[in-house]
Structure formats: C-alpha cells, structure tokens
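A.B. asks: Dumping the structure here so I can ask a few things about it.
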Amino acid sequence: MSKEVYEAISPADFFYRNREIAGFDNPVRATYTIIRELVENSLDACETHGISPTVYVNLIEGERQGVYRIRVEDNGCGVPKEYIPSAFGQILFGSKYVLRQTRGMFGLGGKMAILYGQITTHGSVKVISSTGGPVKYQCDLMIDIQHNKPILMRGGIKSLPNPVYWRGTIIEFDFEGDYSRAKSKILDYFKQTAIILPYANLAFISPEGIYYRFIRVTDDLPNIPKEILPHPKGVDVELVKRLIKRTRAEGMLEFVTYNFHRVGRNTAYDLLNFAKIDPKKDPRDLTSDDIVKLVNAMKRYDGFLPPDASCLSPIGPKLLVKGIEKELKPEVVYAVQRKPTSYSGHPFIVEAAVAYGGGVQPPKPGEVNLYRYANKIPLLYDAASDVSLKVIKSIKWNRYKIDLEMPIAFFVHIVSTKIPYKTVGKEFIADIPEIAYEIEWAFKTCARKLKSYLTGKARKIAIERRLGILEKYLPKIAQFSSELAGRNNSINVERLLAKVKR
Ligand code: ADP
Ligand code: MG
C-alpha cells in the first residue's frame with residue numbers, strides 16, 4: 001500500500017483550486033466577475049463614507065489575443081498605506097467583517113480577480129491609492145498563493161506627491177478573458193447598476209473603444225450603514241465564546257447588556273432568568289454547558305425587539321423610481337419599501353417596484369422582466385432559482401388586472417447584513433419564508449397601484465372615445481334639431497362639449 005501524503009493548504013490555495021465557487025469558472029464568466037468585483041469594491045469604498053461614487057472602468061485588449069488589461073479608478077475612501085498589501089494580496093483580509101451592509105463580505109472578491117489575473121498571465125497588480133492627504137501610494141504586488149501573503153515587487157510601496165489631494169483607488173492588471181462573449185452580461189451589469197444607483201457616475205470604455213456613460217441624476221445618497229452588535233437571535237456558541245474572551249464585564253448582566261443588539265438591562269435580567277443563569281456570575285466562569293444553555297435560551301426567548309435597521313442602507317422608493325425612470329423611461333413606475341424585519345436574527349428590508357409601458361418592453365414568451373438586486377448588486381445569473389421569481393409566479397396577477405405578457409418590469413431589492421445567497425458566487429437568493437413574504441407584499445402593493453392606474457387609463461380612453469363620437473355628431477344633431485324646430489342654429493355646441501370634457 002502506498003503512503004498517504006498529508007498537507008495543509010492556505011486559503012489562497014483553496015480558492016485557487018476552487019475558483020469556480022467565487023464565479024471564476026471560465027474566461028467569459030471571469031471577465032464579468034472581475035469587473036463586478038472591482039466595481040463593487042469601489043462602490044463600497046464610496047458609500048460607506050457618504051461619497052457620491054464616480055467609477056471609471058477601462059478594459060483594453062492586449063497584444064496577445066484574449067489577454068486584457070483592466071483598470072478601475074474610483075473616488076472612494078482610499079486604503080491606508082499599511083493595509084494596501086494585505087487588502088489586495090491576502091485572501092480573506094478586509095474591512096467588511098463587521099455587521100453593516102456592504103457588497104463585499106468575505107474579504108475575497110477583489111483578490112480573486114487579482115489572483116485570476118496572476119494565474120492566467122503571471123503578471124502583477126498595480127495599486128495606487130490615497131486617503132486624500134498630500135501623498136499617494138503606489139505598488140506592484142503579487143499573491144504568494146501557497147502562503148496566502150502579498151509579495152511586494154520592485155521596491156515596495158512608493159510615496160508619490162499628491163498636490164491635488166486626490167482621494168481614491170486605482171487598480172490595474174492583466175488577465176485572460178473573453179470580452180466578446182461576456183459583453184452582453186457586462187453591459188447589463190452596468191445598466192442595472194445605474195438603475196439602483198441613480199446617484200453614481202459610472203463610465204466604461206470597452207475593448208472596442210466604445211464609451212458607455214451612466215450619469216448621476218441626483219445628489220441624494222442613501223443613509224450610511226452603521227455598525228451594530230450581533231442580535232441574540234442570530235448568535236451561536238462560537239460567537240459567545242469569542243465575546244467572553246474579549247469582554248471586560250464582571251457579571252453576566254453586564255455582559256449580555258453590552259455585547260448584544262437590542263438587549264437592555266430589563267431584557268437581560270429576564271433572559272438570564274429564563275436561561276437559569278445567575279446575573280452576577282462572572283462570564284469567564286461559564287462552563288461549555290452554560291454557554292450552550294445561554295445560546296439555546298436566546299433562540300427560544302421571545303422578548304427581544306427585532307434588530308433595528310440602522311446598519312442597513314436601502315435606497316428608498318424615491319431613488320428607486322429615479323433610477324428606473326432614468327434608465328428605462330417607463331410610462332409609470334410604482335415603488336415601495338417594506339418595514340425592516342429579520343430572519344434568524346439578521347435584519348433585512350425589501351424594496352420593490354413595478355414599471356409599466358413606455359420604454360419597458362413585453363417579456364419574451366414565458367419569461368418575466370425581473371431585475372433582482374441584493375445590497376445594491378444586480379444579480380444577473382440563475383434567475384430561475386431565485387426566491388423572487390418563485391414569488392412572482394405564485395401571485396394571482398389577474399386580480400390586479402395584470403397579465404405577465406404585458407410590458408411590465410419587476411424590480412426587487414433586498415438589503416441585509418447577511419444576504420442568504422445560495423452560493424459564494426452571489427447570484428441567487430435562497431427561499432427564506434420571511435423574505436418571500438416581504439417580496440410578495442411589496443409586489444402586491446405596487447400591483448395595486450398599477451391596477452388603479454390601468455383602470456383609470458382604460459376609463460379615460462373610454463371617455464375620450466365617447467367624447468370623440470360626441471364631437472363628431474353633436475354639431476350635426478344640433479343643426480338638424482334646429483332646422484326641425486325651424487330655428488337658426490342657436491345651440492352653442494362648443495360650450496357644451498367643453499363642459500362635458502371638464
Ligand atoms: P471584500 O470586498 O469582500 O472585503 P475584497 O478582496 O474585494 O474583499 O477587498 C478587500 C478589502 O480591500 C476591502 O474590505 C476593503 O477594505 C479594501 N478595498 C478593496 N478595494 C477597495 C477600493 N477600491 N477602495 C478602498 N478600499 C478597497
Ligand atoms: Mg470586494
């Protein structure tokens with residue numbers, strides 16, 4: 001029997017070997033995912049700091065066929081010098097592990113894009129960044145995949161003068177891709193991003209040299225998401241253990257009050273009583289059994305308020321309408337935002353809109369014009385498996401005088417600190433009953449408004465048709481009746497018609 005060989009691999013090595021789970025299955029998908037991941041990092045860097053985003057994406061084809069150079073520049077917060085190497089050269093390193101709504105969450109996407117470039121071209125990535133001071137920093141780096149470490153090339157990080165106090169980040173690297181086959185998805189991605197971000201300037205120069213521009217139509221920004229503590233309904237034993245390790249609280253009452261979202265002193269008392277744990281007990285004296293008991297009690301106790309939504313950043317019906325009007329020019333559009341709620345301790349909000357007519361085309365037979373978004377990211381793949389399509393198919397639309405073959409587009413936006421994606425590729429959302437319920441009612445509310453618009457419109461058309469007939473025949477009737485009565489035409493038809501029209 002041969003000997004088994006055992007070894008450990010680094011996170012970078014794991015994702016190198018399994019890159020398809022992060023959306024890097026083939027050159028076409030990789031081209032799309034690279035753009036998406038870099039744009040999302042740029043947008044996060046703007047929005048978490050209340051900056052109106054301006055993002056330039058430039059993709060040029062190199063000398064060798066199938067090799068492209070991507071360059072993304074933003075006006076975001078920039079990366080402090082000391083974090084630049086790890087932020088772009090160490091898998092599972094990032095600033096988004098806190099409880100707050102962001103697009104990124106694993107510390108993975110941007111680096112996977114860079115790693116993909118590296119393994120297909122053996123090139124390095126160039127990073128230029130500044131947080132807005134008198135210096136900007138520039139470096140070239142590669143990822144040491146086996147050790148999951150950044151390798152700084154050519155003299156490390158250089159400081160360059162920044163006389164205009166430019167703030168932002170520029171990323172540039174080469175990769176092997178396939179733009180022509182990824183093109184339609186990439187253009188869809190930009191257009192759909194422009195819908196959900198009417199406050200962003202986006203520019204994309206394609207390898208064909210075409211300049212696509214999406215210009216902001218408003219200076220209003222959604223609120224900046226705040227960081228919150230974990231909600232007790234969403235914690236597990238490991239998290240409680242970590243919190244105990246870190247806490248300075250001397251008693252359980254204090255520990256529970258200061259470490260969890262929505263737990264005040266009274267609730268803490270009540271909870272500990274419910275869990276049969278002494279409020280004065282030192283948290284460090286909890287046994288493993290006690291911790292399990294506490295976590296189970298947290299799951300069963302129903303006195304907590306649901307998580308508040310300050311950690312979320314939905315865009316709101318006004319901006320949603322603006323974005324849809326700007327990009328699609330429908331005849332009408334209705335949008336709603338549902339109240340914040342939660343699933344398994346994770347807060348979420350559903351927003352939805354229904355647009356009709358004008359620039360909205362009827363869907364292809366058997367399909368639905370559905371625009372899905374999660375944390376402001378358009379989801380372009382795997383619509384068939386997504387919870388919102390299931391919801392749409394389950395609604396009895398004829399009650400709303402809607403037929404899915406009409407020129408209607410549906411929009412759904414879910415924001416949460418934890419979007420229940422089914423895969424790391426972040427393309428479709430799992431069937432969580434609480435989320436499905438919110439989507440259903442959001443759509444129904446919009447549909448009710450559309451119904452009354454359509455009914456009103458039908459009524460108006462009927463009246464206009466009747467008026468048209470009146471306009472045509474009334475003067476003649478007036479004339480004949482006057483003649484019959486043997487009088488001069490004395491009836492003022494115009495006045496009568498004006499009255500009816502009013
Ligand atoms: P994630 O976005 O999931 O955190 P990434 O690998 O995409 O993981 O990015 C890692 C980290 O690098 C981010 O958390 C962020 O702190 C930083 N970063 C990446 N791109 C930018 C950018 N354009 N501007 C500012 N910071 C950035
Ligand atoms: Mg990212």
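The values are calculated or read from the model by the stated rules, or taken from the named source; none is laboratory data. Bear in mind the structure is a predicted one, so any value in this text is a computation, not a measurement. So basically every Cβ, Gly included, is an ideal-geometry build from the backbone, and we count neighbours across all protein chains shown.
A.B. asks: Of the residues Leu92, Leu108, Leu115, Leu99, which single one is in contact with a helix residue (DSSP H, G or I) (Cβ under 7 Å, 6 or more places away or on another chain) and on the phi > 0 side of the Ramachandran plot?
C.D. replies: Working: Leu108 fails: on the phi > 0 side of the Ramachandran plot; Leu115 fails: on the phi > 0 side of the Ramachandran plot; Leu99 fails: on the phi > 0 side of the Ramachandran plot.
Result: Leu92 is the single residue among Leu92, Leu108, Leu115, Leu99 that is in contact with a helix residue (DSSP H, G or I) (Cβ under 7 Å, 6 or more places away or on another chain) and on the phi > 0 side of the Ramachandran plot.
A.B. asks: For the range 273-289, give me each residue that is crowded, with 18+ Cβ neighbours inside 10 Å and either touching a residue at least 60 places away in the same chain (Cβ under 8 Å) or not hydrophobic (A, V, I, L, M, F, W, C) (or both). Spell out how you get there, then give the answer.
C.D. replies: To start, the set of residues in the range 273-289 that are crowded, with 18+ Cβ neighbours inside 10 Å comprises 275, 277, 283, 286.
Of everything in the range 273-289, just one residue is crowded, with 18+ Cβ neighbours inside 10 Å and either touching a residue at least 60 places away in the same chain (Cβ under 8 Å) or not hydrophobic (A, V, I, L, M, F, W, C) (or both), namely Pro283.
A.B. asks: Criterion first (over 21 Å from Leu380 (Cβ atoms), among the β-branched types (Val, Ile, Thr) and either exposed (fewer than 15 other Cβ atoms within 10 Å of the Cβ) or free of Cβ contacts under 8 Å to residues at least 60 places away in the same chain (or both)) does Ile408 satisfy it? Don't jump to the end; show me each part of the working.
C.D. replies: Working: over 21 Å from Leu380 (Cβ atoms): no; among the β-branched types (Val, Ile, Thr): yes; either exposed (fewer than 15 other Cβ atoms within 10 Å of the Cβ) or free of Cβ contacts under 8 Å to residues at least 60 places away in the same chain (or both): yes.
It is false that Ile408 is over 21 Å from Leu380 (Cβ atoms), among the β-branched types (Val, Ile, Thr) and either exposed (fewer than 15 other Cβ atoms within 10 Å of the Cβ) or free of Cβ contacts under 8 Å to residues at least 60 places away in the same chain (or both).
A.B. asks: Looking at the range 91-100, can you tell me whether even one residue there is away from ligand 1 (no atom under 13 Å from the Cβ) and surrounded by fewer than 22 Cβ atoms within 10 Å (Cβ to Cβ)? Break it down into steps so the answer makes sense when it comes.
C.D. replies: Quick first cut of the range 91-100, residues away from ligand 1 (no atom under 13 Å from the Cβ) only: 99.
Checking the rest, the ones that are also surrounded by fewer than 22 Cβ atoms within 10 Å (Cβ to Cβ) come to 99.
Yes - at least one qualifying residue is present in the range 91-100.
A.B. asks: For the list (1) of a type outside the set (D, E, K, R); (2) assigned to a strand (DSSP E or B); (3) farther than 25 Å from Arg29 by Cβ; (4) more than 16 Å from ligand 2 (Cβ to nearest atom), I need the number of the one condition that Gly168 fails.
C.D. replies: Gly168 satisfies every listed condition except (4).
A.B. asks: While we're looking at this one, here's another question. Taking into account only those residues within the range 78-120 that are touching a strand residue (DSSP E or B) at 6+ places or on another chain (Cβ under 7 Å) and aromatic (Phe, Trp, Tyr), which is farthest from Thr48 (Cα to Cα)?
C.D. replies: Tyr116
A.B. asks: Is it the case that some residue within the range 111-134 is among the hydroxyl-bearing types (Ser, Thr, Tyr), near ligand 1 (Cβ under 8 Å from one of its atoms) and part of a loop (DSSP other than H, G, I, E, B)?
C.D. replies: no
A.B. asks: Of the residues Thr54, Thr131, Thr120, only one is touching a residue at least 24 places away in the same chain (Cβ under 8 Å), polar (S, T, N, Q), within 26 Å of Asp178 (Cβ to Cβ) and surrounded by fewer than 22 Cβ atoms within 10 Å (Cβ to Cβ); which?
C.D. replies: Details: Thr54 fails: within 26 Å of Asp178 (Cβ to Cβ); Thr131 fails: within 26 Å of Asp178 (Cβ to Cβ).
One residue alone meets the criteria, Thr120.
A.B. asks: Out of the range 34-86, which residues are at pLDDT 95 or above, of a type in the set (S, T, N, Q) and either more than 11 Å from ligand 1 (Cβ to nearest atom) or part of a loop (DSSP other than H, G, I, E, B) (or both)?
C.D. replies: Listed by number, the residues that qualify are Ser52, Thr54, Asn58, Asn75.
A.B. asks: Considering only residues that are outside any helix (DSSP H, G or I) and surrounded by 19 or more Cβ atoms within 10 Å (Cβ to Cβ), which ones fall in the range 223-245?
C.D. replies: The answer is Pro225, Ile228, Pro230, His231, Val235.
A.B. asks: Right, Arg69: within 16 Å of ligand 2 (Cβ to nearest atom) and of a type in the set (Lys, Arg) or not? I'd like the intermediate steps shown before the answer.
C.D. replies: Working: within 16 Å of ligand 2 (Cβ to nearest atom): no; of a type in the set (Lys, Arg): yes.
Criteria not met by Arg69.
A.B. asks: Output yes when any residue across the range 1-19 is farther than 26 Å from Asn148 by Cβ and either at pLDDT 95 or above or within 12 Å of ligand 1 (Cβ to nearest atom) (or both), and no when none is. So that I can check it myself, show each step before the final result.
C.D. replies: Restricting attention to the range 1-19, the residues satisfying the condition of being farther than 26 Å from Asn148 by Cβ are 1-3.
Subsequent filtering for residues that are either at pLDDT 95 or above or within 12 Å of ligand 1 (Cβ to nearest atom) (or both) retains none.
No, the range 1-19 contains no residue that is farther than 26 Å from Asn148 by Cβ and either at pLDDT 95 or above or within 12 Å of ligand 1 (Cβ to nearest atom) (or both).
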